[in-house]
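Visitor: Let me begin by handing over the structure; questions about it come next.
Just so it is clear, none of the values below were taken in a lab; they were calculated from the coordinates. Everything numeric in this text was worked out from a predicted model, so none of it was measured. Positions of Cβ are generated from backbone atoms using ideal geometry, with glycine treated the same way; all protein chains shown enter the neighbour counts.
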Amino acid sequence: MNLIMTNETTNETTNEATNEAANGPETANSEKMTEENWNELIRAVHHNGMVALKMKFENVESQILNLAAYGPIFVYHVHNEANEVYSCGFFLRELIARFQSGNDPSLWMSSFFYELMKTEGGKPLPDLPANEEGAKKVVDTVLVPQLLEAIREEFAPQELHAGLAFNEEHGPVFEAGFREITDGPNVCAVPLHMLLTHLQLNRDPSELIIQGLYNIRKQHGLE
C-alpha cells in the first residue's frame, strides 16, 4: 500500500475520532468519582445495554472487557433462532451518549446485529492477532482493502486518495481525502489501532473514515 499525503494535512479529524471512541477518565469525569461510583456506572451501562437489546432479541448474553487504550468495552452476544451467535462491542462513551440522548437506544444497538445477521452461520468476535506480524497481515489483507472499497463506493464518482501514513501524535494512521480539495483541511486520518479495535469488535471501521470525509466536504461547502 502506497503512502499518499496531501499538501495540507490536519489532525482535526484524527483527534475527533480518537476522542469519540476513547474511554479515558474524562468520559465520565471519573477523576472525581469513587471506585464504587465508577463500578456502579459500569454496571448501569451494562444493564441498560442488555435491556435495550432484549427489546429486540430473546437470547442475549454479554461480557465486559477492559482495554488499556479505551477502558471498558461492552460486548453483547445475540443468538438467533438457530442458536447462531452474533457478537458486537460498544465503547462506554458512545453508550452513555445514546442512553442520555432521549432516543430509543434499542434501535441503534440492534441495527448492528441486524447487519451482522446478514452473514449466515453466525459472526462471533474475530480472533485477536497472535503477534505483530499477525496484526500487520490483518491490516494489509483485511482492514485496508475493506476501507478502500467502502470509501470508494460511498463517494463514487469522486476521486479519492487514501493509504497508510504516520502521524507524529497518533502514530500509524489510515488517511483519505478528495483530490478536488487542495486548500485547508483536506485529510481524514484515523489511528490504525482504533480501526483495528473496531474491526475486532465486529464494528465497521470504514464508518470512522466516511464520517470524517463527509465532515471535510461540509467544511468546504460541498454538501
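Visitor: Straight distance only, please: which lysines reach the Cα of K56 with their own Cα at less than 20 Å, same-chain residues fewer than 8 apart left out?
Guide: Cα-Cα hits under 20 Å: K118, K123.
Visitor: Shifting gears a bit: Rounded to whole Å and sorted largest first, what semi-axes of the equivalent ellipsoid does the C-alpha gyration tensor of the chain yield via the square root of 5 times each eigenvalue? Let's see the in-between values first.
Guide: Working: eigenvalues 190, 88, 62 Å².
Equivalent ellipsoid semi-axes, largest first: 31, 21, 18 Å.
Visitor: Quick one: Debye curve from the C-alpha atoms of segment 25-116, no solvent, what's log10 I(q)/I(0) at q = 0.14 Å⁻¹?
Guide: -0.51
Visitor: Same structure, new question: What number, rounded to the nearest 500 deg cm²/dmol, is the helix-based mean residue ellipticity at 222 nm of the chain, given -39500 (n - 2.57) per DSSP H run of at least four residues and division by all its residues? It would help to have the intermediate numbers written out before the result.
Guide: Values: 8 runs with 92 residues, N = 223.
Dividing the helical sum by the residues of the chain leaves -12500 deg cm²/dmol.
Visitor: Measure nothing fancy, just the Cα-based angle from helix 206-219's long axis to the longest principal axis of the chain, in degrees from 0 to 90, nearest 10.
Guide: Helix 206-219 sits at roughly 50 degrees to that axis.
Visitor: Could you tell me the relative contact order of segment 152-223? Use alpha-carbon pairs under 8 Å, at least six residues apart, and round to a whole percent. Write down the numbers at each step before the final one.
Guide: On the way: 81 pairs, mean separation 16.3, N = 72.
Result for segment 152-223 is 23 percent.
Visitor: Here's a follow-up. Do you know the relative contact order of the chain, to the nearest whole percent, from alpha carbon pairs under 8 angstrom that are 6+ apart? Write down the numbers at each step before the final one.
Guide: Details: 304 pairs, mean separation 54.0, N = 223.
Relative contact order, the chain: 24 percent.
Visitor: Could you work out the local net charge near N202, counting Lys and Arg as +1, Asp and Glu as -1, over the other residues with Cβ closer than 14 Å to its Cβ? It would help to have the intermediate numbers written out before the result.
Guide: Values: positive: K118, K123, R203; negative: E84, E115, D127, D204, E207.
Every neighbour counted, the sum reads -2.
Visitor: Moving to a separate point now. For the chain, which span is the longest to avoid every loop-located (per DSSP) member of trypsin sites (Lys or Arg not before Pro) having at most 14 other Cβ atoms inside 10 Å?
Guide: Details: sites that count: K118, R179.
So the longest stretch without any such site is 1-117.
Visitor: Within segment 95-136, what residues put their amide N at less than 15 Å from the label point 7 Å along the Cα-to-Cβ vector of A44?
Guide: Counting backbone N atoms under 15 Å from the label point, the list is 95-102.
Visitor: Relative to the longest principal Cα axis of the chain, at what angle does helix 35-54 sit, 0 to 90 degrees, rounded to 10?
Guide: For 35-54 against the chain, the angle is about 90 degrees.
Visitor: Can you tell me the 0 to 90 degree angle between the C-alpha axis of helix 12-21 and the longest principal axis of the chain, rounded to 10?
Guide: Orientation of helix 12-21: about 10 degrees from the principal axis.
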